[in-house]
1. Provide the convex hull volume over Cα atoms per residue for region 313-477, in Å³.
2. Mind sorting Val354, Val267 by how few other Cβ atoms lie within 10 Å of their own Cβ, fewest first?
3. Once fully extended, how much extra length lies between Ala355 and Leu275, figured as 0.36 nm per residue of separation less the alpha-carbon to alpha-carbon distance?
4. Figure the gain on full extension for Ala452 and Glu97 (residue separation times 0.36 nm, minus the Cα-Cα span) and round it to one decimal in nm.
5. List, in order, the whole-Hz ³J(HN,Hα) value for each residue of region 40-53 obtained from phi through the Karplus relation with A = 6.51, B = -1.76, C = 1.60 and θ = phi - 60°; use x for Gly and Pro.
6. Asp11 to Ala413: FRET efficiency via 1/(1 + (r/R0)^6), r the Cβ-Cβ distance, R0 45 Å, to the nearest 0.05?
7. Cα centroids of region 239-307 and region 346-414: how far apart, whole angstrom?
8. Using a 7 Å offset from the Cα along the Cα-to-Cβ direction at both Thr380 and Arg462, what is the distance between the two label points in nm, to one decimal?
Amino acid sequence: MDHASQGSPSDSAAVRRRNLGLVLGHIADHGPCARSEVATATGLAHGSVTTLVGDLQERGLVREDDALRGGGRGRPGRPLRLVPERALAVAVQISAEELRVVVADLSGVIVWRNATSHRCAPGTPERMADAVAAAVRRAAGAITASPLPSDGAVGAAESRVDGPATEIDSVVSALPPTSPHAVDRESRSRAVDSGHKHAGMTRVVRHGREPNIGNSPEGAGLRMDRASGASLPPADCSIGAIADPVLVRVVIAMAGPVRDDPAQTVVVAPDFGWLHPVRLGELVADRLSGIPCPVDVINDGNAAALAEFHARPRRRRGLVLIEAGTGIGGGVVLDGRIHVGSQGIAGEPGHMPVAVDGPLCVCGAHGCLVCYAGPEAVLTAAGLGEVLRGAGLAAASDRLVAALGEDDERARAAVDLAARALGVAVLSITALLDVDEIVLGGTLAQWFPWLAPTIEGQLAGRRSLAPAMELNIVAARLGEDAILLGAIESARRTVLSDPASVPVLPDRSMI
């Protein structure tokens with residue numbers, strides 16, 4: 001049935017926008033494909049598909065292959081494929097000291113990246129908005145190959161274009177593993193080995209052009225391979241070679257719950273000294289005059305959860321990320337969408353009570369998960385509190401892993417207590433949300449080999465009552481890069497679902 005005839009939504013313009021998204025989404029995930037394939041998959045009439053494809057071509061989002069595809073009834077047609085370079089998105093990750101910025105196309109391929117020290121004092125959201133807007137303008141300037149007018153805030157930050165991939169964390173695309181864009185590990189390794197840096201930009205190998213890279217369609221992204229330590233591969237074209245690129249989305253990821261309101265309000269962000277709601281999306285958008293691009297703000301844990309969801313070899317219905325860093329955060333993804341709740345605070349497992357009479361938490365409750373499984377609690381219980389305060393989290397966590405490897409009694413007891421608390425939290429999460437995957441990230445991923453047996457033991461009773469229950473407890477794959485990858489995936493899916501947000505190509509005959 002043609003979706004335009006179903007009567008909901010009633011507004012014909014909204015129906016057309018939705019149908020455009022159905023067509024573009026199918027081409028992006030399954031292309032190259034014929035119009036008849038799109039019609040069958042989407043339920044749209046063939047004539048409607050032809051009209052919608054014409055609209056997408058006018059926007060520069062879809063093109064026809066030169067090769068004819070036959071084998072069916074009627075005359076051969078030209079397969080359709082996505083033009084990912086037409087629409088670009090900027091993702092900005094705000095950390096305590098710097099802004100990490102990437103630009104990616106509609107295939108999720110990273111075409112530019114940058115790191116900027118923001119030098120913002122705690123409790124100064126306006127200055128942070130200045131720094132973010134300056135970073136976005138810098139990225140937009142790279143896209144157009146002609147820097148846009150400065151808003152005067154660039155001098156407030158110290159910027160650097162990332163050097164060789166071995167010097168920083170790798171950032172690569174997070175395409176769904178089940179899509180035809182997915183690449184096997186051997187192909188990824190070959191692509192990385194063949195790479196080089198060019199003019200301070202990250203250049204990403206395009207499948208179908210580079211020899212011996214596999215059979216994925218042109219425009220596919222390369223996935224990060226944590227197991228092999230693969231870093232960001234180079235590309236075969238610079239941003240300046242993209243015809244009529246347009247910036248269609250800015251996504252900002254940071255710690256703190258975010259309301260899904262027009263102002264993209266950060267409810268509270270203690271790590272940045274923001275103790276009252278900050279309308280961050282609105283603040284940044286106001287500073288981006290001349291760049292007519294929507295600005296989204298998402299919680300960094302939710303972004304990481306979305307990236308982990310799309311990095312799974314078999315797509316799950318629901319996933320919850322529990323990630324330990326300065327405390328314990330995380331995110332909830334249901335049916336491929338981030339779930340934030342009515343106040344933007346869903347997916348904060350660190351403050352789930354796991355003991356009725358437990359220790360007092362900074363949030364005012366007793367017995368929260370972070371009191372037992374947070375890095376400070378675990379490392380202090382293991383006798384590594386001084387190392388944590390003196391040398392930092394990474395060094396203290398490494399010491400704990402070494403102690404666990406030596407079967408140190410105090411270290412094992414601290415991790416066992418954390419695992420039992422995590423087991424209680426997992427039982428509550430699964431009872432409420434019925435997700436099929438729990439991902440442990442941050443230091444919990446590093447400690448996973450010692451946590452997993454106890455957590456599984458906690459679940460044994462539930463599994464015996466429900467033998468068919470499919471619940472996997474796994475370690476995170478993407479590390480801290482998951483935040484940027486999730487932000488890009490969020491932007492990508494938003495644009496694919498609403499292609500009308502991409503303007504029609506300029507009429508060359510009028511120039």
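1. Values: hull volume 20.9 nm³, N = 165.
Considering the Cα atoms of region 313-477, their hull volume per residue is 127 Å³.
2. Values: Val354 22, Val267 16.
Ranked by crowding around the Cβ, least crowded first: Val267, Val354.
3. 26.0 nm is the gain from fully extending Ala355 to Leu275.
4. Values: separation 355, 0.36 × 355 = 127.80 nm, distance 3.31 nm.
Contour length minus Cα-Cα distance gives 124.5 nm.
5. The phi angles translate into 5, 6, 9, x, 8, 5, 4, x, 5, 4, 4, 5, 5, 4 Hz.
6. Details: r = 61 Å, r/R0 = 1.37.
Efficiency at R0 = 45 Å is approximately 0.15.
7. Measuring centre to centre over Cα atoms gives 31 Å.
8. Reported label-point gap for Thr380 and Arg462 is 2.8 nm.
Any read-out appearing in this document is the output of simple, stated calculations on the displayed coordinates, not a laboratory observation. Predicted, not measured: the structure shown is a model, and the values here were computed from it. With ideal geometry, Cβ positions are generated from the backbone for all residues, glycine too; neighbour counts draw on all protein chains shown.
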